Each structure stands twice: as structure tokens, then as C-alpha cells.
1. Between helix 364-373 and the chain, what is the angle of the helix's C-alpha long axis to the longest principal axis, kept within 0 to 90° and rounded to the nearest 10?
2. Rounded to the nearest 5, what is the percent of antiparallel bridges among the DSSP beta bridges in the chain?
3. Which angle from 0 to 90°, rounded to the nearest 10, does the C-alpha axis of helix 278-291 make with the longest principal axis of the chain?
4. Kirkwood Rh and Cα-based Rg: tell me the resulting Rg over Rh for the range 163-241, rounded to two decimals.
5. Can you give the Rg to Rh ratio of the range 92-143, both from alpha-carbon atoms, with Rh computed by the Kirkwood formula?
6. With viscosity set to 1.567 mPa s and temperature to 4 °C, compute the Stokes-Einstein D of the range 278-463, Rh being the Kirkwood radius across alpha carbon pairs; µm²/s, no decimals.
7. How long are the semi-axes of the equivalent ellipsoid of the range 198-243, defined as square roots of 5 times the Cα gyration tensor eigenvalues? Whole Å, largest first.
8. Can you compute the radius of gyration and Dmax for the range 262-356, using only the Cα atoms, both in Å?
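Throughout, read-outs are computed from the coordinates displayed, never taken from laboratory work. Predicted model only: the values in this text are computed from it and were never measured.
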Ligand code: ADP
């Protein structure tokens with residue numbers, strides 16, 4: 001089956017979050033189950049630089065009358081290659097840094113055009129823009145690509161009808177909302193600006209376009225698929241999602257073992273796995289030394305690798321940090337985000353340098369070393385569609401301590417007495433989203449840590465969890481087949 005994956009990010013070329021990891025891993029996993037997969041990406045500088053031999057395949061006009069070139073080349077992912085279409089539109093994409101915002105953190109004023117073009121080009125490919133390769137399924141990811149199903153639905157060409165669209169929600173909170181005046185630039189029929197269409201409380205909503213027009217919908221965990229149908233987490237779209245619940249599937253993300261595997265990870269000072277765990281102690285000692293923490297094997301080392309935003313619930317870590325330090329633990333954080341959280345963690349690190357380290361920035365290498373050296377990873381998100389860091393934590397024997405929501409609830413088994421005696425425990429889960437709830441789980445983590453054999457047993461179970469892309473790709477394939485029916 002010819003499948004076109006459409007996304008704004010792609011690991012290893014451009015990443016601001018989990019979307020990139022999924023967009024980078026899924027095409028190869030689909031290829032491994034026999035599919036003919038290509039990706040479509042906006043021509044941001046890092047994407048253009050990373051797509052080798054990108055040759056022109058077609059030219060077309062945008063709905064607002066701009067001539068655009070489409071190129072086709074290849075992205076090298078380790079030893080392998082992914083065929084990639086790149087939209088060559090420098091006036092829209094040739095801007096350094098974050099793909100969505102300017103240097104002051106403000107969304108670009110022409111984002112509606114920049115990302116409408118992504119969906120438009122996908123629909124043109126589905127309609128035969130590249131005479132040599134036409135997708136049967138267009139799989140669009142998040143609001144950036146969400147106009148693809150809408151453009152496909154209104155495509156009057158002869159090919160309409162035999163290509164299907166699938167839309168995946170990675171985070172419902174980021175919706176791509178624009179002033180309704182911009183709708184007129186996008187070339188969709190007037191009838192689409194309707195409650196049964198792309199209109200959302202008087203605004204143009206890209207997210208709603210994907211949810212309304214795609215043949216099939218998925219999101220990144222079974223629990224989140226249920227949560228987004230409720231008023232608490234539906235972001236105003238719960239009614240539409242409830243109405244489409246038969247077409248909505250939750251498919252858990254997975255771990256790309258070519259990137260995240262402690263037995264082969266070249267970014268770690270020592271490699272380890274469940275049968276040869278010794279390297280983990282060396283990873284911890286070197287990490288403590290690198291970060292200026294007291295080099296103490298007996299101090300449980302908690303880590304955070306995260307965007308620093310309200311969603312991630314990190315105020316709970318700040319509120320309970322004295323308890324964590326008082327119990328003899330250490331915290332090592334890596335993240336960027338809102339200034340007040342960055343400043344708060346910096347201050348706490350300056351006040352207790354032997355116990356707390358805060359690296360404000362983005363570092364793929366340090367993220368791997370934190371996974372390798374940490375004893376536990378804190379993911380207290382308010383909501384979490386899937387979450388990847390807790391899955392990497394499991395794999396690296398860094399036990400996740402998580403809030404029971406979304407994909408966190410689906411991937412971590414709490415260390416209750418029953419789960420401990422039954423051998424299924426993999427981490428610590430709390431229900432109440434407040435300092436008391438969080439502290440309860442933290443104290444249980446400390447207690448378990450003092451029982452070395454029990455901690456080791458939980459860690460072994462965690463490291464043995466399977467979260468492979470093969471399983472996820474097979475599930476996506478089922479969804480594609482349903483969409484084509
Ligand atoms: P989200 O997509 O909401 O940010 P996920 O847990 O799904 O959260 O994915 C986050 C991804 O981004 C993970 O691969 C994580 O390792 C990575 N990440 C987050 N912050 C940083 C950072 N400061 N430096 C390096 N990697 C980071």
C-alpha cells in the first residue's frame with residue numbers, strides 16, 4: 001500500500017517534541033510490514049539540509065496564488081533511507097529556529113498559510129501531482145497537517161474517492177486556531193466554514209478540519225482516546241469526537257530501538273541491559289560528576305526531561321523538592337519552556353548544587369545520559385496524550401513516577417503490594433494531581449529504593465516491557481484498511 005505520512009517535524013532532522021519521534025519512526029516500521037511509505041515535510045532549513053538529492057518533481061500554485069516547487073529526495077535514518085517530498089517555498093519556510101514561532105516566542109503571522117500548504121500539497125499528491133507515485137492513504141499528523149483531509153474531501157479531481165485520509169491527534173490542546181478572515185485565503189468552499197466543518201466558535205480551526213473530514217481518526221494512547229471525548233479534556237471538541245468515536249482508535253506510541261536502547265546507545269558512557277546491568281551504575285556516577293551532583297550511589301537520582309510548560313505538572317516537583325532532598329534524593333532536570341519555570345529550577349539548583357541540577361536547554365545527548373544514569377524519571381503531567389519519556393525510562397531502567405492520565409496510565413504499572421508480589425510493577429502512579437498525591441508516590445519510591453532487591457526486581461520488569469513499533473505499525477495498517485473501505 002502506498003502511504004504518505006504528513007508532518008511538520010521529523011526526527012532526526014527537526015524535533016520540538018514527541019511528534020518528531022513518531023514521525024521519524026513510523027515510516028520505517030510501516031516499511032518493515034511491507035508498505036511503500038513516503039513522507040511529506042515543509043521545507044524548513046534543517047529539513048532541506050537533511051534531504052539528500054532532493055530533485056524537483058512538480059510545481060503547483062497555492063490557493064493564494066504562490067508558485068511552489070515540490071522536491072523528492074531521501075532522508076538517511078541510521079543505515080536506512082526514507083523517501084521524502086519537501087515543499088520548497090522559501091518565502092514561507094526559510095526561517096531559522098523553532099518551526100512555529102519567531103525568536104520572541106510569537107506564532108508567525110502567516111502560520112495559516114505555512115501549514116495550509118502542507119495539507120494542500122498532501123491532497124495534491126493524493127490527486128496525482130507526482131505521476132510516478134500516488135498515495136492510497138494520506139496520514140496527517142497534528143494540526144499542522146490537518147487540512148489535508150479537508151482538501152481531499154473537496155477535491156473534485158477524478159482520483160478523489162480512491163485515496164483515504166487518516167488523521168492522528170498527538171496533542172488536542174494545540175489546535176491551530178486562526179482569525180476567520182484567513183479562511184478566505186485557503187481555497188476551501190464557503191460551505192466548509194460551518195459548525196459541520198472547520199469553524200470553531202467563530203474561528204478557523206485546523207484541528208477541527210482534521211477531526212471532521214478524515215476518514216479515520218487515531219490518537220496516541222487508548223486512555224487519551226477516551227479522555228478527549230470528555231468535557232475535561234476535549235478542549236471543546238468532545239462533542240465531535242464522541243460523534244466520531246467509532247472511527248477513533250487509540251494506538252500507543254512505541255520506542256524506536258535504533259535510537260533508544262541502553263545496550264547499544266553510543267551516547268552513554270557505558271552500555272547495559274537487563275542481563276548485564278552493571279553499566280547503569282557507571283552511567284549514574286558519571287552523570288552525577290558531570291552535573292556537579294554529589295557522586296553517591298546510594299542517593300536515588302530522579303530526572304526530568306521535558307518541555308517546561310503547565311501541561312507537564314512540574315510545579316508539583318518544585319512544591320515537593322524539599323521533601324525529595326530531605327529524604328536524601330537528587331534531582332537532575334533538562335528542559336526548556338516558560339521563563340518562570342526555567343528560573344525556578346535554576347534557582348533551586350543554585351541553592352542546592354550537590355542535590356539539584358537544572359540544565360535549561362535542549363540536548364539529545366544529555367537526554368540519553370539522564371535516561372541511562374537516572375534511577376527514576378518524573379512525569380507528573382496534568383494530561384499526557386502518550387508521553388515518550390516514561391517509555392524510554394522503562395527501557396533504561398529509570399522507573400517512571402507518573403500521574404494516572406492518558407498514555408502514562410497505559411504504560412506504567414504502579415508498585416502496589418499486589419503488583420509487587422505479582423511481578424507486574426514497573427513504576428509509581430499517583431491519582432490526585434496535587435502536592436500531596438505526588439508526595440505519596442515519591443515516598444513510596446524512596447521506600448522501595450531502600451529495599452534494593454525489590455527495586456531491582458521492578459527495574460528488571462520495567463526493562464523487559466515491549467513497546468515496539470512493529471506492533472504499532474500493524475495497528476496503523478488496520479486503520480488504513482478500514483479507512484479505505
Ligand atoms: P511532548 O511531545 O509533549 O513534548 P513526549 O514525552 O511525547 O512529550 O516527547 C518528548 C520528547 O522530547 C522526548 O523524546 C524527550 O526526550 C524530548 N525532549 C523534551 N525536552 C527535551 C530537552 N530539553 N532536550 C532533549 N530532549 C528533550
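1. Taking Cα atoms only, the helix is inclined about 30 degrees.
2. Counting only bridges with both partners in the chain, antiparallel ones make up about 30 percent.
3. That helix lies at roughly 80 degrees to the long axis.
4. Rg/Rh: 0.97.
5. In the range 92-143, Rg relative to Rh is 1.09.
6. Rounded to a whole number, D works out at 81 µm²/s.
7. 18, 13, 8
8. Both quantities, over Cα of the range 262-356: 14.5, 42 Å.
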